[in-house]
Amino acid sequence: MSLTERQQLAQALAEQLEKLGVQCVSPLPLAEGDKLRLDVLNDQRDAIISKLISWGWAPRPCNSSVRFVREGNGVVPAASMIYEIALPQTKAPVATQTHSGELADAADKARRRKLGIR
């Protein structure tokens, strides 16, 4: 199964953000109507959001959360925020199918009615 351009963009963006410590919480490949959801730790939030804005994205905060992060030999809870990014929609395919037949042609239908042909 090949990915659409939108799905490839979501995948690439998620990979770049994961390198920066952001966790993508949207299932990938991203469905057509879905937004890309990201879990950003509060201590990294300003840097990550400014980077996303500099890349041309408009992240929108959705929810606060708690994520467990490694610290030493254990894990500790850390406050985080969930953001959504609306990716451009894939363009709908242009309809190339044309319909023909006696019901599709209004002029032919009018001519048949005038002649008494049913």
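Values in this text are rule-based calculations from the coordinates and carry no lab data. Here the structure is a predicted model, which is why all the values come from computation and not from measurement. A quick note on method: Cβ atoms are made from the backbone with ideal geometry, for glycine too, and the neighbour counts reach across all protein chains shown.
Structure notes:
- Axis of helix 106-115 versus longest Cα principal axis of the chain: the two differ by about 20°, to the nearest ten degrees.
- Stretched out straight at 0.36 nm per residue, the stretch from residue 79 to residue 60 would grow longer than its current Cα-Cα span by 5.1 nm.
- The chain - charge dipole about Cα centre, Lys and Arg +1 at Cβ, Asp and Glu -1, debye rounded to 20: 880 debye
- Rounded to 5, the percent of DSSP beta bridges in the chain classed as antiparallel: 100 percent
- The angle between the Cα long axis of helix 5-19 and the longest principal axis of the Cα atoms of the chain comes to about 0 degrees, rounded to the nearest 10.
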